[in-house]
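As structure tokens, the structure follows; a few thoughts come after it.
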Amino acid sequence: MIMAIRIHETGGPEVLRWEGVEVGHPGPGEARLRHTAVGLNFIDVYHRKGLYALPLPAVLGSEAAGVVEEVGGDVTEVKPGDRVAYAGPIGAYAQARLIRADRLVPLPADISDRAAAAMMLKGMTAQYLLRRTCRVEPGDAILIHAAAGGVGLIACQWAKHLGATVIGTVSTEAKAALAREHGCDHTIVASREEFVARVREITGGRGVRVVYDSVGKDTFEGSLDCLQPLGMMVSYGNSSGPVPPFSPLVLSAKGSLFLTRPTLMTYTARREDLLATAAELFEVVRSGAVRIEIRQTYPLAETAQAHRDLEARKTTGSTVLLP
């Protein structure tokens, strides 16, 4: 028996229970993985609250690194002893688990387990946002909400490396300084500044080519007003709540805008896409163009406190849970 964080009902951080669970031997196509580091992400909060429903009871967590202990039949992707990481399959809040072997990404020797756990979901999200959903080009002006968060810090650095003018919203002056240290050219403290007016001021009235918005309800309408004609609104998160229904005519009235609601799971559904996405992430990290900032760690048993701090906006960058 191993220990894991499980929920038996949805709700606040208090529903997260540290308890024993059984992990058997891997079946065909599966691997048994011993976790060494687990990533914390806002999607974990959505699962805990029931915004994204899971069958209960459930072990939460979508990102981790570890060592393969055993593989089942027909597995060719990994072997026992391999260092690997993954993003996506729910069940990371555990000391060990079974997982589909084709979802595991082998780790280069110079990428640490903690760094991998801190960047697989967030870094591959930044990759598909910047390189596939709306491919950022030199000279583009872009807006990134929650610029000091886990995805935000990676995306700001990566976008700056690509030659973009990066505008970011944050909630405090301290987070503004952190975002500027990580490639953000212009920071907007949304708690005291009206971000639409500031974006228009920064861009000389033109607006931005793309908005990357993980906040949702509180920023969606304003984000549309920040876009150039034919600009793209990329809504990829709901930290303030889901976006209410609206008429598509709004997009035409505001300049024939594009809107997409992407997910990492779709962009990495094929193994070749998963490996290519991870390889490009590893490349920019190993080159020094993107630094992975692990700014908080918690014992896995104290995941409830990590959730409280994340929701209270007390965290910045990436957070790692240690089994």
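A short reminder: the numbers here are calculations on the coordinates, not readings from a lab. Note that this is a predicted model, so its numbers are computed, not measured. Cβ atoms come from the backbone with ideal geometry, glycine included; neighbour counts cover every protein chain shown.
Observations
- Listed by chain and number, the lysines whose alpha-carbon sits under 17 Å from that of residue 314, ignoring those within fewer than 8 places in the same chain, are 175.
- Converting phi to 3J(HN,Hα) with the Karplus coefficients 6.51, -1.76 and 1.60 and the offset θ = phi - 60°, region 82-97 yields 5, 7, 9, 8, 7, 9, x, x, 5, x, 7, 6, 8, 5, 7, 7 Hz in sequence order, with x at every glycine or proline.
- Average projection, convex hull of the Cα set of region 138-261: 6.8 square nanometres.
- Dividing the mean sequence gap of close Cα pairs (under 8 Å, 6+ apart) by how many residues region 138-261 holds gives a relative contact order of 21 percent.
- Backbone HN-Hα couplings from phi across region 222-231 [Karplus 6.51/-1.76/1.60, Hz, Gly and Pro as x]: x, 4, 4, 6, 8, 8, 5, x, 6, x
- Among the DSSP helices (H) of the chain, none spans at least 30 angstrom by Cα along its long axis with an average Kyte-Doolittle hydropathy of -1.0 or more; this is a geometric and hydropathy rule only.
- For the chain, radius of gyration divided by Kirkwood radius, i.e. Rg to Rh on alpha-carbons: 0.98
- For the chain, adding -39500 (n - 2.57) for each run of n ≥ 4 DSSP H residues and dividing by the number of residues yields -8000 deg cm²/dmol at 222 nm.
- Span from the region 176-211 Cα centroid across to the region 59-96 one, whole angstrom: 39
- Dipole axis of the chain (+1 Lys, Arg; -1 Asp, Glu on Cβ), positive-most option in 80, 242, 168: 168
- Partners for residue 254 among aspartates and glutamates (Cα-Cα distance below 14 Å; same-chain residues under 8 apart left out): 221, 225
- Its Cα centre serving as origin, the chain has a Cβ charge dipole (Lys and Arg +1, Asp and Glu -1) of approximately 380 debye.
- For residue 107, the residues whose amide H sits under 5 Å from its own are 83, 84, 85, ignoring neighbours fewer than 5 places away on the same chain, with H placed 1.01 Å from N.
- Report note on the peptides 9-22, 112-125: ranked by the mean count of other C-beta atoms within 10 Å, highest first, their order is 112-125, 9-22.
- Amide H contacts for residue 64 (H built 1.01 Å from N in the peptide plane; partners 5 or more residues away or on another chain; cut-off under 5 Å): 39, 86.
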